[in-house]
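Below is one structure; the comments refer to it alone.
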Ligand SMILES: [Mg+2]
């Protein structure tokens, strides 16, 4: 049970991901949460940082697909100028959106990672779908998704995970906890 909330990797930001690290871990496809992972929840317009990072990923042949619980309309408003592929109404923490992304875009699960700022939705759905997961810090600290209860649950869960697993530290590059390194 607890295992399904444990991220494979922890990273300060999605934007720390580069082609070299992804190649090292055999990752060719990135499924990413939208709010507070790709864009701050309160600023839904793509900025230069996102544009530049996407260009780098495209150049490296890495597919980036948004998997969001938001409606298609909301996701589209945020991403239309970038023409990014997305799955809306993903129903995280269920595996629905992730399975849909894997099928629609013909992705090999072993080469795909789910990135997001929430254990309860993003990490849990990725783990349950059988792909690797990356927990990132939220881009903005106070956000709309979070009722106080939700925020409280995330903090509590993180504390429990840290008590039960080693190596759960924020990093600026993909690194496996010592007990999982090959
Ligand atoms: Mg989020």
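The values are calculated or read from the model by the stated rules, or taken from the named source; none is laboratory data. A quick note: this is a predicted structure, and the numbers were derived from the prediction, not measured. All Cβ positions, even for glycine, are placed from backbone atoms using ideal geometry, and neighbour counts span all protein chains on display.
Would you check if residue 113 is buried (at least 22 other Cβ atoms within 10 Å of the Cβ), in contact (Cβ under 8 Å) with a residue 60 or more places away in the chain and away from the ligand (no atom under 14 Å from the Cβ)? Considered against the rule, which asks whether it is buried (at least 22 other Cβ atoms within 10 Å of the Cβ), in contact (Cβ under 8 Å) with a residue 60 or more places away in the chain and away from the ligand (no atom under 14 Å from the Cβ), residue 113 comes out as yes. For the range 62-76, the count of residues that are away from the ligand (no atom under 16 Å from the Cβ) and under 14 Å from residue 115 (Cβ atoms) is nonzero. Checked against (1) surrounded by fewer than 17 Cβ atoms within 10 Å (Cβ to Cβ); (2) part of a loop (DSSP other than H, G, I, E, B); (3) more than 16 Å from the ligand (Cβ to nearest atom), residue 43 meets all criteria but (3). When restricted to residues that are surrounded by fewer than 17 Cβ atoms within 10 Å (Cβ to Cβ) and either at pLDDT 95 or above or closer than 21 Å to residue 18 by Cα (or both), the range 64-82 contains 1. Restricting the range 88-110 to residues that are outside any loop (DSSP other than H, G, I, E, B) and within 13 Å of the chain's Cα centre (by Cα), the residue that is nearest to the ligand (Cβ to nearest atom) is 97.
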